[in-house]
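The next block holds one structure in the form of structure tokens; read it before the comments.
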Amino acid sequence: MFKDKVALHQYVLLGVMGFLILLKILTGNFIFGIELLWWLFGAIIGFLFVFSDRFVYSFLMKPEEALGKRLKDLFGEKKFAEGLITLLNERHEQKELVMRSFLFLIVWLIMALLTVTSVSSPFARGFMLGIGIHLVFDLIFDYFWNHDRFDLWFWQIKREVGSEEKRWFVILVPIIFGLLAINF
């Protein structure tokens, strides 16, 4: 259905950031300055940071798999662009991604709450926001359009998670994210 999920990621990132800026303008809390640029830069870096779990999987968790060996060869030969393309094209082979998991998302929600209430750095706030945008987008996308990948969000849980529990998780996480996002 969605052939270019990477492009869809970009639209979501820009859409959420644009919405949050528009919300700040409408509420009278918008200040244009260097802090805004740091916040935007942090959000972009945070969003891209989530892709790093694919490197962790291929190079640290499962280096003996064919994808890990192929990537090691490509990066060893300094074929970085080809390695990144391979990493994105073969993403369906990576099953147990650390950041795309129930437990990581719970930890992120706690860290996001602490960031919203205690951190004044615009880059750090943007970084946490970017991570959240990416994770929540992937969670919702997987729930509706990639059911096999959605079940892998619960790979760390040692019991069978029921469909009702999963549905409530998908309902509550975006609501909590939305409440936190308007404060980033």
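Just so it is clear, none of the values below were taken in a lab; they were calculated from the coordinates. Small disclaimer: the values here were computed from a predicted structure and weren't measured. In this analysis, Cβ positions are derived from the backbone assuming ideal geometry, glycine residues included, and neighbour counts consider all displayed protein chains.
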How high is the relative contact order of the stretch 51-95? Use alpha-carbon pairs under 8 Å, at least six apart in sequence, and give a whole percent. 38 percent
Could you tell me how far the Cα centroid of the stretch 45-79 sits from the Cα centroid of the stretch 6-27, in Å? 29 Å
Using a Gaussian network model on the chain with a 10 Å cutoff between Cα atoms, which of I21, I106, I31 fluctuates the most? I31
Answer in debye to the nearest 20: the dipole magnitude of the stretch 51-95 about its Cα centre, from +1 Lys/Arg and -1 Asp/Glu charges placed on Cβ, is 40 debye
Dividing the alpha-carbon radius of gyration of the chain by 2.2 N^0.38 Å, where N counts its residues, gives 1.10
If contacts are Cα pairs under 8 angstrom and at least 6 residues apart, what is the relative contact order of the chain in percent? 31 percent
Viscosity 1.306 mPa s, 10 °C: Kirkwood-radius Stokes-Einstein D of the stretch 51-95 over Cα pairs, µm²/s: 157 µm²/s
Determine, for each peptide in 42-51, 112-121, the mean count of other beta carbons within 10 angstrom over its residues, then list the peptides with the highest first. 42-51, 112-121
Take a quick pass over the stretch 51-95 and tell me how many lysine pairs come in under 16 angstrom between Cα atoms, counting only ones 8 or more apart or on separate chains. 4
Helix 102-118 vs. the chain, principal-axis angle (Cα, 0 to 90°, nearest 10): 30 degrees
So which trypsin sites (Lys or Arg not before Pro) in the stretch 64-126 pass both tests, a DSSP loop state and at most 15 other Cβ atoms within 10 Å of the Cβ? K78, K79, K95
For the stretch 55-101, run through the GluC sites (Glu not before Pro) and keep only the ones in DSSP coil with at most 12 other Cβ atoms within 10 Å of their Cβ. E64, E77
Over the chain, the sum of -39500 (n - 2.57) across DSSP H runs of at least four, divided by residue number and rounded to 500 deg cm²/dmol, gives at 222 nm -22500 deg cm²/dmol
For the stretch 16-32, 3J(HN,Hα) per residue [Karplus equation, 6.51 cos²θ - 1.76 cosθ + 1.60, θ = phi - 60°, Hz, x = Gly/Pro]: 5, 5, x, 4, 5, 5, 4, 4, 5, 5, 5, 8, x, 9, 8, 10, 7
Magnitude of the charge dipole, the stretch 39-184, Cβ model with Lys/Arg +1 and Asp/Glu -1, debye to 20: 260 debye
